[in-house]
Amino acid sequence: MELNSPSLEVAITTKLDEAIGWARESSLWPMIFGTACCAIEFMSVAASKYDISRFGAEVVRFSPRQADLLIVAGTITYKQAPILKQIYEQMSEPKWVISMGACACSGGFYDNYTTLQGIDEIIPVDLYVGGCPPRPEALIDALLKLQNDLRTNKYNPNRHEGFKGRLDNV
Amino acid sequence: MSEIIKATSIELHSFIKTKYEEGFNYLLDITAIDYSEYVTANEEQFALVYILRHESFKEHIVIKTYLKKLEIETITDIFRGADWLEREVYDQYGIIFKKHPNLRRILNHKEFVGHPLRKSYPITKGQLLHEVDDLIEEMNNRLLSKNVVCKLESGTFSDCNKDLMFLNLGPSHPASHGTIRTYVALDGETIECAVSEIGYLHRGFEKSCENHTYNQIIPYTDRLNYCSAISNNISFVKTVEEMLGVEISERAQAIRVMLLELSRIEDHVVCLAAVLVDMGGLTNYWYMYNPREDIYDLLSKLTGARLTNSYMRVGGMTNDLYEGFEEDLKEVIKKVKYGVEQTLSLIKHNRIFHDRTQNVGVISAENALNYAMTGPNLRACGVAFDMRKDAPYYGYEKYEFDVVVGSVGDVYDRVMVRFGEIDESIKIIEQVMQNLPEGEVCVKDNSITLPKKEAVYTTIEGAMNQFKLTFEGVKVPIGEHYGSIEATNGELGFFIVSDGSGIPYKVKVKAPSFTAMSAYPEMVEGAQLADAILTLGSLNIIAGEMDR
């Protein structure tokens with residue numbers, strides 16, 4: 001196939017949802033909700049040694065309106081929880097959430113009066129990354145997994161329909 | 001052990017005033033103790049503790065007062081740094097400070113009921129916050145106190161010829177370190193008034209300490225200042241060792257000094273990288289952050305973790321240096337030097353850098369002392385207070401290094417002091433590695449350090465010893481003690497109350513970032529909005545340590 005030839009018109013046949021999946025996979029815009037130690041590890045993920053941009057997800061936006069992947073990196077306290085919920089709600093669909101680190105996943109070893117015992121009490125989560133803090137490779141692995149799922153259209157847009165967080169009924 | 005001076009609650013204010021005039025004019029910390037589960041020693045259920053440092057910086061005093069009624073006169077008229085410290089005691093213990101200008105919760109949220117550090121409060125009883133505090137009332141008070149607005153007879157406000165716009169800086173923004181919120185009133189780009197709200201990363205460190213053994217607390221200390229975890233480890237175990245009265249070996253002391261300085265470099269590079277990004281200089285970030293990756297590699301090889309090392313133990317450390325550590329360290333230092341050199345070559349003669357940083361975010365030495373700022377932030381104002389020189393420990397007096405000071409106390413000085421300190425730390429590390437003493441790294445005492453694994457697996461004494469130390473913890477003699485070191489951000493201290501068991505009765509952290517942050521609103525008022533971001537970055541506020 002000669003792509004440079006003006007006489008030949010090129011057509012690639014595919015299914016529409018596969019084309020969309022491919023587009024989504026290759027243009028994830030993460031928003032970092034970084035609060036604690038895990039945010040420092042995220043800095044490593046973005047820096048040149050690990051370099052998240054190799055995976056097509058380097059356009060880190062700190063405005064939820066411009067992002068479709070929320071990475072919650074760090075401890076979420078009860079004081080922080082309504083803010084996290086607000087940020088999640090400000091993101092437009094389709095959107096995905098990665099919970100990075102033990103604190104965001106389950107409260108970690110902060111089993112006490114001030115720490116939320118996992119962000120899934122407030123917002124739905126698609127992927128959990130363990131570790132305190134996780135190594136940069138672990139976050140990159142989660143990103144690759146998400147991209148693989150997007151490519152194969154694993155994510156049902158209505159998957160969190162039945163989700164009800166602790167702050168939802170007020 | 002520190003000597004504790006007792007004062008009655010009625011005369012406390014005048015007592016502190018006389019101490020202030022005697023030269024104890026630097027407030028380190030205020031905290032309370034709830035004695036309700038420790039009935040043998042106390043005179044009343046609650047006591048307040050004030051820790052002051054002398055103006056020569058060489059000594060400190062601990063003043064304690066028992067409270068018959070849960071109220072006392074404020075000392076905010078003597079120390080402005082007492083404002084937030086007293087608010088914290090009110091929040092955590094419910095002690096009222098009379099005549100305090102703004103006594104409201106600081107770490108816990110506004111819907112919180114009860115006072116979590118009281119012994120009667122269950123540790124796992126969480127309380128949900130439904131709506132974020134809008135800070136409007138706080139802002140109104142601030143505007144009125146600064147005469148930016150006037151209150152009319154009808155109860156409404158009039159803006160005195162200014163068209164104010166209100167804006168939230170943070171908490172969810174990388175320039176606000178994710179957890180610091182400052183609510184500002186803007187006139188154009190100029191900040192007329194600012195109020196800061198903290199506590200978004202308050203994760204209950206002090207309460208968690210009360211049900212863990214001393215060695216179990218070490219991983220928690222890692223997460224105070226997570227940019228330089230090892231220095232928190234050292235500050236904590238040093239305080240516990242002082243209470244136990246043990247002296248660690250010369251080798252352990254030298255390794256601790258070396259790791260303290262390495263942590264200082266590790267922390268400063270990330271602070272400088274971040275502040276230069278805030279300024280728009282992204283290239284510097286890569287130059288400064290890459291050496292940090294090399295330090296991570298070295299520390300993972302030594303301790304098993306990149307960031308949260310948990311390397312220290314009461315009475316020593318987990319293991320000795322590995323073979324070939326010194327060569328690896330030399331390589332890392334080379335890379336740090338390269339990174340610093342490259343960054344300085346980009347900014348040293350850069351007009352934009354100078355214009356953006358000089359005379360921006362200024363705090364005078366007098367104010368900085370009164371707000372109890374410490375570390376590089378205080379030294380940038382020209383006050384040469386450095387624990388390593390003024391109250392040396394671990395043989396710091398043997399090493400040759402300079403205390404880097406600034407002159408103006410602006411962003412430029414704070415940045416340059418940190419650059420200077422990286423050089424000085426490298427000097428100390430080189431001196432330590434040149435004559436590293438031989439010997440063990442842990443004290444040989446069965447009641448403090450774990451036995452060797454061979455003994456645990458082959459003898460009943462060894463197995464018993466391991467079991468008892470692990471389950472019951474190191475038994476620390478009864479007492480109350482304040483111990484501190486010069487960590488990256490300044491004097492990092494621990495005030496520990498022991499009831500003689502393996503679990504501390506109370507732990508309070510004297511966190512350098514906390515007092516630095518309390519000075520921040522005043523520093524940015526009158527400044528441009530963009531400069532407020534730089535000022536915050538240059539103070540190196542670490543939320544984990546500030547909110548605990």
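The values are calculated or read from the model by the stated rules, or taken from the named source; none is laboratory data. Please read all numbers here as calculations on a predicted model, not as lab measurements. Positions of Cβ are generated from backbone atoms using ideal geometry, with glycine treated the same way; all protein chains shown enter the neighbour counts.
Summary of computed values
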quantity: Scan of segment A:8-29 for residues that are free of Cβ contacts under 8 Å to residues at least 60 places away in the same chain and either surrounded by 19 or more Cβ atoms within 10 Å (Cβ to Cβ) or part of a strand (DSSP E or B) (or both), ordered by number; calculated: none
quantity: Subset tally (residues that are part of a helix (DSSP H, G or I) and either more than 21 Å from B:GLY526 (Cβ to Cβ) or β-branched (Val, Ile, Thr) (or both)) for segment B:347-368; calculated: 5
quantity: Some residue of segment A:135-145 being among the hydrophobic types (A, V, I, L, M, F, W, C), assigned to a loop (DSSP other than H, G, I, E, B) and either modelled with pLDDT of 90 or more or under 18 Å from A:GLY74 (Cβ atoms) (or both); calculated: no
quantity: Among (1) of a type outside the set (Lys, Arg); (2) closer than 30 Å to B:TYR412 by Cβ; (3) at pLDDT below 90; (4) crowded, with 21+ Cβ neighbours inside 10 Å, the one test that B:GLY339 misses; calculated: (3)
quantity: Unique match (being at pLDDT 90 or above, part of a helix (DSSP H, G or I), touching a strand residue (DSSP E or B) at 6+ places or on another chain (Cβ under 7 Å) and over 28 Å from A:ARG135 (Cα atoms)) among B:LEU344, B:LEU378; calculated: B:LEU378
quantity: First in segment A:115-139 and under 17 Å from A:PRO30 (Cβ atoms), second anywhere and among the charged types (D, E, K, R) and assigned to a helix (DSSP H, G or I), Cβ under 7 Å, 6 or more apart; calculated: A:ILE123/A:LYS85; A:LEU127/A:LYS145; A:PRO133/A:GLU41; A:PRO134/A:GLU41; A:PRO136/A:GLU41
quantity: Number of positions in segment A:87-134 that are assigned to a strand (DSSP E or B) and either surrounded by fewer than 18 Cβ atoms within 10 Å (Cβ to Cβ) or over 14 Å from the mean Cα position of the chain (by Cα) (or both); calculated: 1
quantity: Every residue from segment B:196-212 that is within 8 Å of chain A (Cβ to nearest Cβ) and part of a helix (DSSP H, G or I); calculated: B:LYS207, B:SER208
quantity: Among (1) more than 13 Å from chain A (Cβ to nearest Cβ); (2) buried (at least 23 other Cβ atoms within 10 Å of the Cβ); (3) at pLDDT below 90, the one test that B:MET288 misses; calculated: (1)
quantity: Of all residues making up segment A:29-54, the number that are out of contact with any helix residue (DSSP H, G or I) (no Cβ under 7 Å at 6 or more places or on another chain) and more than 14 Å from chain B (Cβ to nearest Cβ); calculated: 1
quantity: All positions within segment B:213-243 that are touching a Pro at 6+ places or on another chain (Cβ under 9 Å), at the interface with another protein chain (Cβ under 10 Å from one of its Cβ atoms) and surrounded by fewer than 23 Cβ atoms within 10 Å (Cβ to Cβ); calculated: none
quantity: Residue within segment A:90-101 that is acidic (Asp, Glu), over 19 Å from A:TRP29 (Cβ atoms) and more than 13 Å from every other protein chain (Cβ to nearest Cβ) present; calculated: no
quantity: Residue within segment A:56-72 that is at pLDDT 90 or above and under 29 Å from B:THR221 (Cβ atoms) present; calculated: yes
quantity: Within segment B:28-85, strands (runs of 3 or more DSSP E) holding 2 or more residues that are β-branched (Val, Ile, Thr) and in contact with an Asp or Glu (Cβ under 8 Å, 6 or more places away or on another chain); calculated: B:46-53, B:60-67
quantity: Conditions (1) more than 14 Å from chain A (Cβ to nearest Cβ); (2) in a helix (DSSP H, G or I); number of the one not met by B:GLU88; calculated: (1)
quantity: Residue list for segment B:217-238, restricted to those being of a type in the set (A, V, I, L, M, F, W, C) and out of contact with any Phe, Trp or Tyr (no Cβ under 9 Å at 6 or more places or on another chain); calculated: B:CYS227
quantity: Criterion violated by B:ALA185 - all others in (1) at the interface with chain A (Cβ under 10 Å from one of its Cβ atoms); (2) among the small types (Gly, Ala, Ser); (3) in contact with an Asp or Glu (Cβ under 7 Å, 6 or more places away or on another chain) satisfied; calculated: (1)
quantity: Filter result for B:HIS177 (touching a residue at least 12 places away in the same chain (Cβ under 8 Å), within 20 Å of B:LEU135 (Cα to Cα), at the interface with chain A (Cβ under 7 Å from one of its Cβ atoms) and surrounded by 24 or more Cβ atoms within 10 Å (Cβ to Cβ)); calculated: no
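Every residue, every condition in (1) modelled with pLDDT under 90; (2) crowded, with 24+ Cβ neighbours inside 10 Å; (3) within 14 Å of another protein chain (Cβ to nearest Cβ), yes or no:
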{"position": "B:GLY479", "(1), (2), (3)": "yes, no, no"}
{"position": "B:GLY502", "(1), (2), (3)": "yes, no, no"}
{"position": "B:LYS506", "(1), (2), (3)": "no, no, no"}
{"position": "B:PRO512", "(1), (2), (3)": "no, yes, no"}
{"position": "B:GLU522", "(1), (2), (3)": "yes, no, no"}
{"position": "B:ALA527", "(1), (2), (3)": "yes, no, no"}
{"position": "B:ALA530", "(1), (2), (3)": "yes, no, no"}
{"position": "B:ALA543", "(1), (2), (3)": "yes, yes, yes"}
{"position": "B:ARG548", "(1), (2), (3)": "yes, yes, yes"}
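For every residue, the table says whether it meets (1) part of a helix (DSSP H, G or I); (2) hydroxyl-bearing (Ser, Thr, Tyr); (3) closer than 28 Å to B:VAL246 by Cα.
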residue: B:SER300; (1), (2), (3): yes, yes, no
residue: B:ALA305; (1), (2), (3): no, no, yes
residue: B:SER310; (1), (2), (3): no, yes, yes
residue: B:GLU327; (1), (2), (3): yes, no, no
residue: B:VAL332; (1), (2), (3): yes, no, no
residue: B:VAL383; (1), (2), (3): no, no, no
residue: B:PRO392; (1), (2), (3): no, no, yes
